[in-house]
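Below is one structure, written out as structure tokens, with a few remarks after it.
The values are calculated or read from the model by the stated rules, or taken from the named source; none is laboratory data. Note that the coordinates shown come from a computational prediction; the quantities given were computed from them, not determined experimentally. All Cβ positions, glycine included, derive from the backbone under ideal geometry; neighbour counts span all protein chains shown.
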Amino acid sequence: MKPILKLVLAGLMLCSLAGKPLYKEVVLTASDVASAVDIELAIEQATDNGAHPGAVVLDSSEGDFVYTADDRSINIMLPHARLISRNGAVIANCADGVFFDPVPADDILVEGITFHCEASGVTGYEAPHARVRFVNNTIIAAVDGISAGNGLDWEIRNNSIQAKTAVVMDAGARRILVAQNMLQGFIGVLLRGTAQAGVVNNRIQAGWQGVLVGSGADGNLIVANRIVNVEMAGIAFEGDNAKNNVHGNIVTCLAGSDCAAVSADEETLQLNKISGNLLKK
């Protein structure tokens, strides 16, 4: 990292007319970044170690961000961090794109960045994280696109994600919104141990299942998704699910396959509200 970061303070500090907290912005270009540690240090500077909201702007005017040192995952360990793109920022050669550390770190925004990762785009399981937003990103990953447990009030919107499983919400996740994304994977969305999630108005191209409602996923909303090229089912239930509302999804089978719009046993059909889903073979 260059000794002096490009610290933009729009005056001295940015403070909105609505009286929002003081806000710093640190701008990095490709020459500032050898590893994810350089971005983590910029987050510390922008937020004053998590004391207030701050943004790290990845500016691709000098080219893509290509890690050349060992640490290739951005660890989120502080609250109030914003990681945003300028000039179409691309992070190449990442391991995990963003990794949530096992400490609570709330109020996180990642916006407009393209990640090309060898593992997952985003992952975090070991601590609860609240009010996290991923919007307008592109994720190309070998494992999961976005995968997390114990999250609260997450928004995953307007992203393009290609991965083995595009979105995994797991282990006590609550009030998760997955909306208006382009998702591609063997499974599009996996909900497991999740409640009050909304999977709404996504375009999902999935090799096996569009949305898999796994064990312990109760009280979720799966509505108005367009699911294409599936071999098994648009929406599939593993069982032990109740009070989910599945409505208005349009499913197209992979050519030559005999898929279902919704796959569920009789008990599951009784315990959940499933209606108005259309199968196109």
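In the set D71, D96, which member is farther than 15 Å from I156 by Cα, assigned to a loop (DSSP other than H, G, I, E, B) and within 14 Å of the chain's Cα centre (by Cα)? Exactly one residue qualifies, and that residue is D96. The number of residues in region 167-185 that are in contact (Cβ under 8 Å) with a residue 40 or more places away in the chain and either surrounded by 24 or more Cβ atoms within 10 Å (Cβ to Cβ) or within 18 Å of A261 (Cβ to Cβ) (or both) comes to 1. Checking each residue in region 227-281 for being assigned to a helix (DSSP H, G or I), among the acidic types (D, E) and either in contact (Cβ under 8 Å) with a residue 12 or more places away in the chain or in contact with a Leu (Cβ under 9 Å, 6 or more places away or on another chain) (or both) picks out only E267.
Checking each residue in region 85-109 for being of a type in the set (A, V, I, L, M) and either at pLDDT below 95 or surrounded by fewer than 20 Cβ atoms within 10 Å (Cβ to Cβ) (or both) picks out V90, A92, A95, V103, A105, L109. Answer yes or no as to whether G112 is loosely packed, with under 14 Cβ neighbours inside 10 Å, at pLDDT 95 or above and under 26 Å from G145 (Cβ atoms). When the stated conditions are applied, G112 does not pass them.
Note on region 130-160: among residues that are of a type in the set (G, A, S) and surrounded by fewer than 19 Cβ atoms within 10 Å (Cβ to Cβ), the one that is nearest to A105 (Cα to Cα) is A130. Is there any pair with a first residue in region 24-46 that is hydroxyl-bearing (S, T, Y) and a second that is part of a helix (DSSP H, G or I) whose Cβ atoms are under 7 Å apart and which are 6 or more apart or on different chains, and what are they? Within 7 Å, the pairs are T29/S61; T29/E62; S31/E62. Among the residues of region 186-199, those identified as in contact (Cβ under 8 Å) with a residue 24 or more places away in the chain and farther than 17 Å from A261 by Cβ are L190, L191, R192, G193, T194, A195, Q196, A197, G198.
Scanning region 41-84 for residues that are surrounded by fewer than 20 Cβ atoms within 10 Å (Cβ to Cβ) and among the charged types (D, E, K, R), we see that the one that is farthest from E118 (Cα to Cα) is D48. Restricting region 217-232 to residues that are over 16 Å from L152 (Cα atoms) and among the polar types (S, T, N, Q) leaves a set whose member that is surrounded by the fewest Cβ atoms within 10 Å (Cβ to Cβ) is N229.
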